[in-house]
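Nothing in this text is a laboratory measurement; each read-out follows from the coordinates by a stated rule. None of the values given here were measured: they were computed from a predicted structure. As a convention, Cβ positions derive from the backbone with ideal geometry for all residues, glycine included, and neighbour counts pool all protein chains shown.
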Amino acid sequence: MEIGPGAVHLQHCLSLDDQRALVEQCRALVDGAVPAYVPIVRGGGKMHVRMLCLGRHWNGKTYSYEATRSDFDNLPAPPLPENFKHLAGELARAAGMTLDADLCILNYYDADGRMGLHQDKDESEQSLAAGLPVVSVSLGDTARFLFGGLRRKDPVESRLLESGDAFVFGGPARLRYHGVSRIVPGTAPPELELTGRFNLTFRQYDVAAT
Ligand SMILES: O=C(O)CCC(=O)C(=O)O
């Protein structure tokens, strides 16, 4: 369903089997050798998610990408798994866009998880100028997702992102403000045996020179 120019909500686009496999992979990653952590951002506030960046690390102190987690433990960002990259490309295509993802921010939200309204604008200038989309995949508990305009004070619409949904925003929607106001606990499909929510946002930092 098109929400506006460049913004597409793909409802229930992932099968339960696919969701289950992704949840397993996310669990292994967030508790792996380079584990997810709760970032402390520029102003000193703690984020309300556990975060793990794959492919490139997003530094919450500098709002920029880097190879190693210099704001936390100096460990290198784990690579972006091939199947994640493939999935992101397929979902972008299903939304009528293209994405050769080279990074993913994987967030885990517990029942109190949330994310304030923000723009995703730390990818390369070329990527942003090309309007290469962000592809977001939701797994587990439903989230109340906020989707605003290009200015913070623009009106905000609220949508429920359910397990197995994707939300793709690129082109004219690439810099629209967005966030998560709340998680609806206990709404994950029981088959996933997941308390809380994983969200994966795929992005492309590098754009090949033409
Ligand atoms: O969890 C979500 O649905 C949104 C995540 C998000 O806004 C982000 O990672 O930039």
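Look at the range 6-28: where a residue is over 20 Å from E193 (Cα atoms) and a partner is of a type in the set (K, R), sitting 6+ places away or on another chain with Cβ atoms under 9 Å, you get G6/R174; G6/R176; A7/R176; H9/R159. When the residues of the range 166-197 are filtered to those that are touching a Gly at 6+ places or on another chain (Cβ under 8 Å) and among the aliphatic types (A, V, I, L, M), the one that is farthest from D17 (Cα to Cα) is A173. In this entry, E162 is excluded by the filter for residues that are away from the ligand (no atom under 15 Å from the Cβ), closer than 27 Å to R20 by Cα and of a type outside the set (A, V, I, L, M). Annotation: Y177 fulfils all but one of (1) buried (at least 21 other Cβ atoms within 10 Å of the Cβ); (2) under 22 Å from C53 (Cα atoms); the unmet one is (1). The residues of the range 115-159 that are surrounded by fewer than 16 Cβ atoms within 10 Å (Cβ to Cβ), more than 10 Å from the ligand (Cβ to nearest atom) and in a strand (DSSP E or B), listed by number, are E157, S158. For the range 104-114, a residue qualifies if it is under 20 Å from P35 (Cβ atoms), part of a loop (DSSP other than H, G, I, E, B) and more than 9 Å from the ligand (Cβ to nearest atom), and the qualifying residues are D110, D112. For the range 82-94, the criterion of being over 15 Å from the mean Cα position of the chain (by Cα), surrounded by fewer than 20 Cβ atoms within 10 Å (Cβ to Cβ), more than 16 Å from the ligand (Cβ to nearest atom) and in a loop (DSSP other than H, G, I, E, B) is met by none of the residues.
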